[in-house]
Amino acid sequence: MTDNRNTILAVILSGLVLILWQVFYNGPQMEKERQRAQMQAELAKKQAPAAQSDSTAPSATPQPGAAASGSPSAPGGAAPGASGVMPRETAIAATPRVKIDTPRLTGSISLKGARIDDLAFVQYRETVDPKSPAIVLFSPSSTAEPYYAEFGWVNAAGAKVQVPDQNTVWQQDGSNALTPSTPVKLTTTNSDGLTFQRTISVDDHYLFTIKDDVTNAGNAPVTLYPYGLISRHGTPHVSGYYILHEGLIGYLGEKGLQEYTYKKIDEDKAAKFDVTNGWLGITDKYWATALLPMTDARLQANYSSKLVDNQHRYQTDYVENPQTVPAGGSASVSTRLFAGAKEAGVVGINFPLGGLGGYNQKLGLNHFDLLIDWGWFYFLTKPMFLALDFFFRFFGNFGISILLVTVLVKLLFFPLANKSYASMAKMKAIQPQLQALKERYPDDRMKQQQEMMEIYKKEKINPVAGCLPVVLQIPVFFSLYKVLFVTIEMRHAPFYGWIKDLSAPDPTNLFTLFGLIPFDPTQLPLFGHYLALGIWPIIMGITMWFQMKLNPTPPDPTQAMIFNWMPLIFTFMLAGFPAGLVIYWAWNNTLSVLQQGFIMRRNGVKVELFDNIRGTFKKKAA
């Protein structure tokens with residue numbers, strides 16, 4: 001065993017894992033997504049868009065004493081066989097609407113079918129440019145990418161009661177827009193004497209509340225099943241990373257968290273759940289929609305995927321237990337819809353002592369915080385986010401938060417790191433003794449090992465302790481990477497200077513002379529994704545090189561080569577990671593150099609950082 005073998009092995013193995021992941025998964029996945037987006041963009045230019053037809057309202061599930069009928073015909077939108085889709089603005093203008101105007105959302109409700117099918121964000125844009133287009137969430141069924149929510153009633157089996165459908169044009173009571181202070185009331189009456197009234201309200205974030213009342217002026221009772229659905233036409237582009245779920249999602253009572261990727265539901269076609277206290281919807285990386293029925297409602301919940309005109313239609317829906325409306329009587333049901341950004345403070349975080357309530361707590365929902373994919377290691381990612389968010393509230397900059405959290409983590413693990421660096425300092429102090437052993441027993445490796453262990457025992461040195469700084473950094477690195485990747489708070493969060501988005505790689509590039517040459521080397525095949533070498537990755541590589549040079553060059557040539565090349569390998573490997581993660585690594589390296597230097601001095605060991613650096617350049621000059 002050589003003096004630094006365990007430390008070197010830990011560094012090599014962690015680096016090897018990251019390199020293999022980058023080469024065999026991340027790089028090809030990014031290239032695949034780029035090619036797919038480019039191909040679909042070209043197809044969109046060359047081909048006429050396919051006709052859009054709507055998804056289907058859920059069928060009522062049979063209950064004791066009443067069999068359920070089939071679902072109504074497909075709700076409103078473009079009729080099957082229509083020649084092409086409409087531009088979004090044209091489709092919105094084609095039907096009478098009620099405007100939605102809140103601090104976070106803008107859009108409209110179609111009075112034809114009473115669908116919420118037009119939503120865009122007020123504060124979220126497609127790029128860091130505040131003048132770039134707003135992110136669109138919902139679009140009508142006759143557009144290129146339909147996505148909408150619908151609520152209503154379906155009949156019991158054999159019943160012929162007229163219920164509102166896709167062609168029903170509701171009447172608005174008044175003419176006000178839907179705002180947090182002004183709900184909207186819609187009404188329609190059928191020939192059977194049933195009056196349907198819908199009251200829609202919205203808060204100042206992303207929560208819609210829908211209350212449906214039915215009044216029966218007829219001569220016979222009617223039985224109706226309340227339902228809600230979210231429908232999305234076409235398979236959306238996904239990030240394609242295994243650490244993030246995008247697709248159908250829900251926490252369905254005793255069934256727990258149910259996540260279906262688009263690929264999985266395409267294969268399974270459908271999934272059915274009979275539960276109480278559940279919610280379900282569709283999630284993207286930063287945005288989501290979710291049906292939030294009352295927590296005591298019994299649900300026949302469904303996930304489904306149907307292929308119509310070569311286009312997949314994804315749907316999450318539920319049907320509640322039936323309600324019987326007596327002659328001369330009325331019935332009422334309420335539900336809720338989340339349609340917005342997955343902001344942790346709005347959605348909520350369940351975590352001891354430091355959690356955020358949000359809708360999860362306010363509405364008493366069942367693990368609604370899992371709408372944000374905190375992952376299996378939520379016990380690391382949640383506190384990491386909470387710490388970043390805490391400092392952000394004081395300083396207003398997530399970059400500063402990352403620096404302060406790094407210091408906090410250093411302090412938290414200081415006792416362990418202190419012992420580790422102290423052990424490394426002692427190991428450095430006994431280097432002459434170890435070298436003498438090699439000279440005394442040049443051909444007897446066993447004897448070298450025995451004498452070496454005796455020296456370790458005498459000096460109270462743990463040779464494995466040198467691995468601790470690397471081992472401790474790995475879970476912190478992963479949790480910060482996860483938080484930067486999945487939380488919308490980090491999206492377009494600026495630092496200083498050229499870093500406008502901590503969740504994206506450093507936009508500068510050495511190979512374009514930092515913007516002087518109009519060329520994008522990352523588009524080169526095979527190795528292009530390794531050529532995104534920005535300023536912060538270079539800073540990170542330099543700090544890592546300093547950390548390696550804090551110790552003398554190992555006498556073994558192989559070890560020396562590994563130490564010399566490791567900073568360069570990590571520089572290229574981490575260049576494509578989020579800038580916030582690279583800043584963390586550079587700052588952590590700097591703190592480690594300062595900490596290790598202090599501990600070495602305290603243990604009477606000479607700090608040879610600058611001597612080793614000068615020695616490196618002298619060797620090169622020679």
>> Taking all protein chains in place and a 1.4 Å probe, what share, in percent, of the accessible surface of segment 183-239 do carbon and sulfur account for?
In response: 51 percent
> Accessible area of ASP165, 1.4 Å probe, to the nearest 10 Å²?
Replying inline: 60 Å²
> Tell me, what ³J(HN,Hα) does each residue in segment 432-444 have, in order and in whole Hz, if you take phi through Karplus 6.51 cos²θ - 1.76 cosθ + 1.60 with θ = phi - 60° and put x for Gly and Pro?
Replying inline: x, 5, 5, 5, 5, 4, 5, 6, 6, 10, x, 10, 10
> So how do SER401, SER304 rank on accessible area, 1.4 Å probe, biggest first, that is with the largest at the start?
Replying inline: SER304, SER401
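Report the extension gain between PHE519 and LEU412 in nm, rounded to one decimal, defined as 0.36 nm multiplied by the number of residues separating them, less their alpha carbon distance. Don't skip to the end; give the middle numbers.
Numbers: separation 107, 0.36 × 107 = 38.52 nm, distance 4.45 nm.
The PHE519-LEU412 span can extend by a further 34.1 nm.
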> Going from the alpha-carbon gyration tensor of segment 249-378, what semi-axes, largest first and in whole Å, does one get by taking the root of 5 times each eigenvalue?
Replying inline: 25, 23, 13
> How much accessible surface area, in Å² rounded to 10, belongs to the heavy atoms of LYS549 with a 1.4 Å probe?
Replying inline: 10 Å²
>> Solvent-accessible area of GLU89, probe 1.4 Å, all protein chains present, reported in Å² to the nearest ten, please.
In response: 130 Å²
>> Check which residues have an amide H placed less than 5 Å from LEU178's amide H, if you skip close sequence neighbours.
In response: LYS99, ILE100, ASP101
> If you find the alpha carbon centre of segment 191-231 and of segment 374-390, how far apart are they in angstrom?
Replying inline: 40 Å
> In straight Cα distance, which aspartates and glutamates are under 15 Å from LYS255, not counting same-chain residues fewer than 8 positions off?
Replying inline: ASP274
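Taking segment 325-412 on its own, what percent of its Cα-Cα pair distances exceed 21 Å?
Counting pairs separated by more than 21 Å, the tail of P(r) holds 45 percent.
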> Projected area of segment 304-456, taken from the Cα convex hull and averaged over every viewing direction, in nm²?
Replying inline: 21.9 nm²
> Taking θ as phi - 60°, what are the ³J(HN,Hα) couplings along segment 299-304 by the Karplus curve (6.51, -1.76, 1.60), each to the nearest whole Hz, with x for Gly and Pro?
Replying inline: 10, 9, 9, 9, 10, 8
> Rg and Dmax of segment 278-324, using alpha carbons, in Å: what are they?
Replying inline: 13.2, 41
> Under a 5 Å amide H to amide H cut-off, with H placed in plane at 1.01 Å, what residues pair with VAL122 once short-range neighbours are removed?
Replying inline: LEU105, THR106
> If you rank PHE395, PHE338 by how much accessible surface each has, with a 1.4 Å probe, what is the order from largest down?
Replying inline: PHE395, PHE338
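What whole-number value in Å² describes the accessible area per residue of segment 287-385 for a 1.4 Å probe? Please report the intermediate quantities before stating the final value.
Details: 3770 Å² over 99 residues.
Ligands and nucleic acids excluded, the figure is 38 Å² per residue.
Carbon and sulfur: what percent of segment 111-167's accessible surface (1.4 Å probe)? Show your work: numbers first, answer last.
On the way: 1110 of 2260 Å².
Accessible surface attributable to carbon and sulfur in segment 111-167 totals 49 percent.
The values are calculated or read from the model by the stated rules, or taken from the named source; none is laboratory data. Fair warning: this is a prediction, and the values are worked out from it, not measured in the lab. These accessible areas exclude ligands, DNA and RNA; they are computed on the full protein's heavy atoms, side chains included. Shrake-Rupley method; radii C 1.70, N 1.55, O 1.52, S 1.80 Å.
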